[in-house]
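The structure appears below as structure tokens.
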Amino acid sequence: MGNNCLNDTVWVSANITNVNGLTITLTVSDSCIGKELYGIRYLWRDTPCPFKQAAVYSGTDANLPSPPYFKVF
């Protein structure tokens, strides 16, 4: 991740650090702290992902990965 947060036109990776029911906690690089968050996306390029290798699965059926999404804040 490095200094990517110095450029607000670049998407940066965030690691999933906690999962609790339907809530996921993401951790970003220290260089991103205090920067404005414009949006979040999931499985943007990896769809369809290999079977059982998605990071997020359906809350009602553990065999179904969450669909890709894009959310602008």
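With respect to ASP46, determine if the residue is assigned to a loop (DSSP other than H, G, I, E, B) and modelled with pLDDT under 75. Spelling it out, ASP46 is indeed assigned to a loop (DSSP other than H, G, I, E, B) and modelled with pLDDT under 75. Remark: pairs (first residue in the range 22-37, under 30 Å from ASP61 (Cα atoms); second residue surrounded by 11 or more Cβ atoms within 10 Å (Cβ to Cβ) and not β-branched (Val, Ile, Thr); Cβ separation under 8 Å; 6+ apart in sequence or on different chains) = LEU26/ALA14; LEU26/ASN15; THR27/ALA14; THR27/ASN15; VAL28/MET1; VAL28/CYS5; VAL28/ALA14. Considering only residues in the range 52-73 that are in contact with an Asp or Glu (Cβ under 9 Å, 6 or more places away or on another chain) and surrounded by 14 or more Cβ atoms within 10 Å (Cβ to Cβ), the one that is farthest from ILE16 (Cα to Cα) turns out to be PRO68. Filtered by the rule that a residue be modelled with pLDDT of 85 or more and farther than 19 Å from LYS71 by Cβ, the range 19-43 gives a lone residue, ASN20. The residues in the range 7-40 that are more than 12 Å from the chain's Cα centre (by Cα), surrounded by 11 or more Cβ atoms within 10 Å (Cβ to Cβ) and in a strand (DSSP E or B) can be counted, and the count is 1.
The values are calculated or read from the model by the stated rules, or taken from the named source; none is laboratory data. Just so you know, these numbers come straight off a predicted model, no measurement behind them. Using ideal geometry, Cβ is built from the backbone for each residue, glycine included, and neighbour counts are taken over all protein chains shown.
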